Amino acid sequence: MKVIELHKSVTDSNDRDADRLRAEMKKAGVLLINLMSSPGSGKTTLLGATIKGMPDTRIAVLEADIDSAVDAEKIASWGARAIQVHTDGMCHMDAGMTREGLEGMGYEGVDLAVLENIGNLICPAEFDTGAGLNVMILSITEGDDKPLKYPLMFETSDALVISKIDALPYFNFDMEKCIERARRLNPDIKVFPLSAKTGEGMQAWTDYLHQEIRNWRENS
Amino acid sequence: MHELGIVTHVAKTLDEVAEENRITKIGSVTLQIGEVSGIINDYFVDCWDYFKKKHPVLQEAVMKIEIIPAVTYCEDCRSEYETVKYGKICPHCKSERTYLIQGNECTIKEIEAETEE
Ligand SMILES: Nc1nc2c(ncn2[C@@H]2O[C@H](COP(=O)(O)OP(=O)(O)OP(=O)(O)O)[C@@H](O)[C@H]2O)c(=O)[nH]1
Ligand SMILES: [Mg+2]
Ligand SMILES: [Zn+2]
């Protein structure tokens with residue numbers, strides 16, 4: 001036996017797979033978004049409001065729940081293409097599983113594909129899924145200290161949606177402090193406070209998505 | 001199950017390394033795991049022992065783990081301190097402008113292997 005020094009990150013093979021997937025999606029002109037948050041912070045509800053708010057955009061959704069198909073059925077009932085991806089009990093999606101889901105669903109003719117990642121603020125941030133854009137949701141019910149506790153997710157996200165702002169009067173959530181904490185970790189992060197329930201703030205969010213879809217196509 | 005996810009990636013990476021280096025058998029794998037990486041070591045080794053059976057070159061590979069202590073740096077007083085003991089707030093000057101400099105890693109340091117001829 002001989003010793004071979006590697007010094008490779010364990011995510012090395014996934015990182016390369018993710019880069020390949022990103023290039024394939026670029027070529028196909030499909031913007032893939034990796035949507036991450038804790039369980040119940042409003043991913044599926046936001047997707048529903050987004051589908052309604054962007055009627056001319058063809059949206060497809062990959063639902064990565066650990067074992068139920070509830071969310072995929074909801075999305076399909078709102079008129080978007082949806083597939084349930086099986087994660088075999090894993091706590092995050094990686095590029096290989098994302099590719100399988102996309103291929104299983106088919107993405108021809110799609111403008112925007114969204115991966116609803118597994119509800120968890122830690123593991124999904126560590127694995128590149130091959131998405132062109134990483135978006136995280138923090139609901140105001142979770143508290144404004146989350147950037148301090150889960151810095152990596154804030155660092156790796158391009159955009160932060162602060163959801164359920166219709167409930168602000170009932171919670172001690174300091175919006176300014178939260179945004180300041182997030183920006184300290186990631187000065188370029190785009191922030192969208194919104195309520196999928198009342199529609200407040202939804203316009204800025206869908207405008208952002210339209211712009212990102214255009215950018216993705218122009219540079220392909 | 002974070003450990004299982006990582007184990008699958010380690011195995012995948014090692015399969016690739018084995019092919020590139022014409023390795024027939026891997027006897028051991030040494031991982032460096034940060035103290036605050038969130039990985040539970042005992043559980044990780046169990047996952048490994050279960051999972052390696054699916055990969056011919058890894059069947060006999062023993063998992064060795066080296067822990068890397070977590071250290072945080074304070075931008076205000078430019079000192080370093082133990083993350084696990086003090087958290088985000090600098091014990092010297094009470095600043096919050098601090099960041100982790102080591103302790104979050106999960107890397108494959110080295111393997112012991114047999115190669116063709
Ligand atoms: N008040 C209020 N409630 C909301 C809003 N968005 C979502 N909710 C509620 O929050 C709960 C969880 O919403 P989901 O959209 O299922 O959350 P999710 O992140 O998809 O949940 P998982 O997939 O289970 O992780 C539901 O009861 C929603 O009705 C909002 O903007 N305002
Ligand atoms: Mg959901
Ligand atoms: Zn200090």
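It is to be established whether one or more residues within the range A:164-185 are touching a residue at least 40 places away in the same chain (Cβ under 8 Å) and polar (S, T, N, Q).
Checked against the condition, which is being touching a residue at least 40 places away in the same chain (Cβ under 8 Å) and polar (S, T, N, Q), the range A:164-185 yields no hits at all.
Name the single residue that is farthest from ligand 1 (Cβ to nearest atom) among those in the range B:69-83 being closer than 30 Å to B:THR30 by Cβ and in a loop (DSSP other than H, G, I, E, B).
By that ranking, first place goes to B:PRO69.
Out of the residues in the range B:94-109 that are in contact (Cβ under 8 Å) with a residue 24 or more places away in the chain and open to solvent by less than 40 Å² (accessible area, probe 1.4 Å), state the one that is farthest from the other protein chains (Cβ to nearest Cβ).
Filtering first and then ranking leaves B:GLY103.
Has the range B:25-43 got any residue that is more than 12 Å from chain A (Cβ to nearest Cβ), in contact (Cβ under 8 Å) with a residue 40 or more places away in the chain, in a helix (DSSP H, G or I) and over 23 Å from A:MET93 (Cα atoms)?
Within the range B:25-43, not a single residue is more than 12 Å from chain A (Cβ to nearest Cβ), in contact (Cβ under 8 Å) with a residue 40 or more places away in the chain, in a helix (DSSP H, G or I) and over 23 Å from A:MET93 (Cα atoms).
Among the residues of the range B:84-93, write down those that are more than 8 Å from chain A (Cβ to nearest Cβ), open to solvent by 70 Å² or more (accessible area, probe 1.4 Å) and part of a loop (DSSP other than H, G, I, E, B).
Correct list: B:ILE89, B:HIS92.
Can you tell me which residue within the range B:84-112, out of those that are out of contact with any His (no Cβ under 9 Å at 6 or more places or on another chain) and of a type in the set (S, T, N, Q), is farthest from ligand 1 (Cβ to nearest atom)?
B:SER95
For the range A:141-161, indicate whether the set of residues that are of a type in the set (Val, Ile, Thr) and within 14 Å of the chain's Cα centre (by Cα) is non-empty.
yes
Identify all residues within the range A:18-43 that are surrounded by fewer than 20 Cβ atoms within 10 Å (Cβ to Cβ) and within 26 Å of A:TYR107 (Cβ to Cβ); write none if there are none.
Across the range A:18-43, the qualifying residues are A:ASP19, A:ARG20, A:ARG22, A:ALA23, A:GLU24, A:LYS26, A:LYS27, A:ALA28, A:GLY29.
Against the condition at the interface with another protein chain (Cβ under 8 Å from one of its Cβ atoms), more than 29 Å from A:ASP65 (Cβ to Cβ) and open to solvent by less than 10 Å² (accessible area, probe 1.4 Å), how does B:LEU14 come out, does it pass?
No; evaluated as a whole, the condition is false for this residue.
Return only the number of the condition from (1) open to solvent by 20 Å² or more (accessible area, probe 1.4 Å); (2) away from ligand 2 (no atom under 16 Å from the Cβ); (3) closer than 21 Å to A:VAL191 by Cβ that A:LEU133 does not satisfy.
(1)
If we scan the range B:76-95, do we find a residue that is under 24 Å from A:ASP15 (Cβ atoms) and either within 16 Å of ligand 2 (Cβ to nearest atom) or β-branched (Val, Ile, Thr) (or both)?
Among the residues of the range B:76-95, not one is under 24 Å from A:ASP15 (Cβ atoms) and either within 16 Å of ligand 2 (Cβ to nearest atom) or β-branched (Val, Ile, Thr) (or both), which makes the answer no.
Quick check: is even one residue across the range A:79-89 touching a residue at least 60 places away in the same chain (Cβ under 8 Å) and either farther than 21 Å from A:MET202 by Cα or within 15 Å of the chain's Cα centre (by Cα) (or both)?
Scanning the range A:79-89 turns up no residue that is touching a residue at least 60 places away in the same chain (Cβ under 8 Å) and either farther than 21 Å from A:MET202 by Cα or within 15 Å of the chain's Cα centre (by Cα) (or both).
Scan the range A:44-85 for residues that are acidic (Asp, Glu), closer than 14 Å to A:LEU115 by Cα and either at pLDDT 95 or above or open to solvent by 20 Å² or more (accessible area, probe 1.4 Å) (or both) and report the count.
Summing the residues that are acidic (Asp, Glu), closer than 14 Å to A:LEU115 by Cα and either at pLDDT 95 or above or open to solvent by 20 Å² or more (accessible area, probe 1.4 Å) (or both) in the range A:44-85 gives 2.
Kindly indicate whether B:ILE67 is of a type in the set (Val, Ile, Thr), open to solvent by less than 80 Å² (accessible area, probe 1.4 Å) and under 23 Å from B:GLY5 (Cα atoms).
No, not satisfied.
The values are calculated or read from the model by the stated rules, or taken from the named source; none is laboratory data. Predicted model only: the values in this text are computed from it and were never measured. Cβ coordinates were reconstructed from backbone atoms using ideal geometry, including for glycine residues, and neighbour counts include every protein chain displayed. Quick note on the areas: whole protein, heavy atoms, side chains included, nothing else; ligands and nucleic acids left out. Shrake-Rupley method; radii C 1.70, N 1.55, O 1.52, S 1.80 Å.
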